[in-house]
Amino acid sequence: GMDYSNNPIARRAEWFRYYSEKRITHQWLQVHLLKNLYDIDSILEVGPGLGLVSSMLHNAGYKVTTVDYLPNQYPHNDISFIQKKISDLSVDEIKGFDCIFCCETLEHLLWEDVDSVLDKFFSSGNKWLIISVPYQAFQFDFRLYFNLYKFKKNFSLKFFKFFKNYHFNLDKDPYGHKWEVGYKKYSLGNLENKIRNSGYKIYKREFSSPCRSVFFILQN
């Protein structure tokens, strides 16, 4: 991620680049997963990016606190902000929220560091945790739309990633993805083992399409 807090023109350009049609569906799903969890009022959102999910949560009437290693990219009077790396967060700072959001964030950590973050979330005692990470295992997606004036199709097929290693370069892109589910060593089962080993119960699993992520609602 980059800091756009002092450059409104670059920030707007990045907003339009990042929040594409497929990603908007993905951001909507994060919030929609709260629909039937009735005992939630306060939310800690880890890795808010440019703040679209923060603003949706606020608009839906939740009390929101965000955490990011970058300066605040979406300053708002009603939204509290903590500038810290996820690894530097103390259990006390995480405590007291009804739900933690950590979507499209864990894959930026080394695979072996994910366990300690999940352990920290669990030991904070908050009832719910919602996570999502990129999903590249076998999947097929096809959409077709047409009327008298417009024709639009979308086709996506993913397979055989489990033969491949996930490559990343720490020097060139220190904050980039370090792993994605579906690649060699990073199966969905392996991620679910990490989740269960931390103590969480998997309450619900969901997949986003066409943005291709796997979501978990986890219960403490």
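Please list the non-local residues whose amide H lies under 5 Å from the amide H of Cys103, H modeled 1.01 Å from N, same-chain partners needing a gap of 5 or more.
Result for Cys103 returns Val46, Ser132.
Using θ = phi - 60° and the Karplus curve 6.51 cos²θ - 1.76 cosθ + 1.60, what whole-Hz ³J(HN,Hα) does each residue of segment 82-89 get, with Gly and Pro shown as x?
With coefficients 6.51, -1.76 and 1.60, one gets 10, 8, 7, 6, 4, 6, 8, 5 Hz.
Among [x] 50, 39, 38; [y] 54, 42, 40; [z] 83, 41, 30, find the value of Cα extents along the principal axes in Å that was calculated from the structure presented, and write down its label.
Checked against the structure: label [y].
Report in % the part of the accessible area of the chain that belongs to carbon and sulfur, leaving out ligands and nucleic acids; probe 1.4 Å.
On the way: 6630 of 12400 Å².
The C+S portion of the solvent-accessible surface of the chain is 54 percent.
Projecting each Cα onto the charge dipole of the chain (Lys/Arg +1, Asp/Glu -1 at the beta carbon, about the Cα centre), which of Phe155, Ser5, Leu29 comes out farthest on the positive side?
Sorting the options by dipole projection puts first Phe155.
Lysines near Lys161 by alpha-carbon distance under 28 Å, same-chain residues fewer than 8 away left out - which ones?
Within the straight-line cut-off, Lys161 pairs with Lys22, Lys152, Lys153, Lys172, Lys178, Lys184, Lys185, Lys194, Lys201, Lys204.
Across segment 35-43, in residue order, what do the Karplus-derived ³J(HN,Hα) couplings come to in whole Hz, using 6.51 cos²θ - 1.76 cosθ + 1.60 with θ = phi - 60° and x for Gly and Pro?
3, 9, 9, 7, 9, 10, 10, 10, 10
Which far-off residues, 5 or more places away or on another chain, put their amide H under 5 Å from the one on Phe207, with H placed in the peptide plane?
Those lying under 5 Å, H to H, from Phe207 are Phe215.
Roughly how many Å² is the accessible area per residue of the chain, as a whole number, for a 1.4 Å probe?
56
When the solvent-accessible surface of protein heavy atoms is calculated with a 1.4 angstrom probe, in what order do Glu180, Glu93 fall, highest first?
Greatest to least solvent exposure: Glu93, Glu180.
The values are calculated or read from the model by the stated rules, or taken from the named source; none is laboratory data. None of these values were measured; they are calculated from a predicted model. Neighbour counts are summed over all protein chains in view; Cβ atoms, including those assigned to glycine, are modelled from backbone coordinates with ideal geometry. Heads up: the accessible areas ignore ligands, DNA and RNA and are worked out on the full protein's heavy atoms, side chains in. Shrake-Rupley method; radii C 1.70, N 1.55, O 1.52, S 1.80 Å.
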